[in-house]
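What follows is a single structure, written as C-alpha cells, with notes after it.
The values are calculated or read from the model by the stated rules, or taken from the named source; none is laboratory data. Please read these numbers as outputs of a predicted model, since none were measured by experiment. Using ideal geometry, Cβ is built from the backbone for each residue, glycine included, and neighbour counts are taken over all protein chains shown.
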Amino acid sequence: MERTTVRRTAELDCDAATLWHLVSAAEGLGTWLGEDVHLDLRVGGSGRLVDDDGAARDVRVTELIAGQHLAFTWWPAGDDGASSDVVFTVEETDTGSRLVVTETAANALGSWETRVVSLWLSVCSLARV
C-alpha cells in the first residue's frame, strides 16, 4: 500500500517553550487538536485524543526530544490498520517559533491546514492573557 506524506509549516508569534507546551502537553493539545486529550509523554507512552466532532484516536509516542521533537503513531479507535505517523518539530526563530508537522499515512487523514489554524488561534488567545 502506498503511503502519502503531508508536511505543513507554521510560523507562530510565541516562543519555542510555549509552542512545545501546545504540541506536547495534553492540556496544550486540547486547545487546538481535540477537545479531550490524554497523553503519556514518553517513548512508548500511549494516549487518546477525541476530536471536536467526537471521533477518537489512539496515540503511541515513538520518539521524543524534549522541547524540540515529538513523533507518534495515531489511528482511529478500534482500527489500528488505519494508522499514520506524525512528527512535530519545534524551532526557535528570530520572530517567535516554527512548527513543522509531517504526517505519513496510507490515506490523507484530516486537514492539517485546519489544525494549524486552530493552533494559531490558540497562540493568539495566549497573547491576550
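State yes or no: is THR114 at pLDDT 95 or above, within 24 Å of THR4 (Cα to Cα) and among the polar types (S, T, N, Q)? Against the criterion (at pLDDT 95 or above, within 24 Å of THR4 (Cα to Cα) and among the polar types (S, T, N, Q)), THR114 does not qualify. HIS69 - would you say it is more than 17 Å from VAL101 (Cα to Cα) and not hydroxyl-bearing (Ser, Thr, Tyr)? The answer is no for HIS69. Of a type in the set (D, E, K, R) and modelled with pLDDT of 95 or more: which single residue out of ARG8, ARG57, ARG48 fits that description? Checking each option against the conditions leaves just ARG48. Residues of the stretch 1-46 that are closer than 18 Å to ASP85 by Cα and touching a residue at least 40 places away in the same chain (Cβ under 8 Å): MET1, GLU2, ARG3, THR4, THR5, VAL6, ARG7, ARG8, THR9, VAL23, SER24, LEU33.
Which one is nearest to LEU70 (Cα to Cα), of the residues in the stretch 16-39 that are aliphatic (A, V, I, L, M) and in a helix (DSSP H, G or I)? The residue in question is VAL23.
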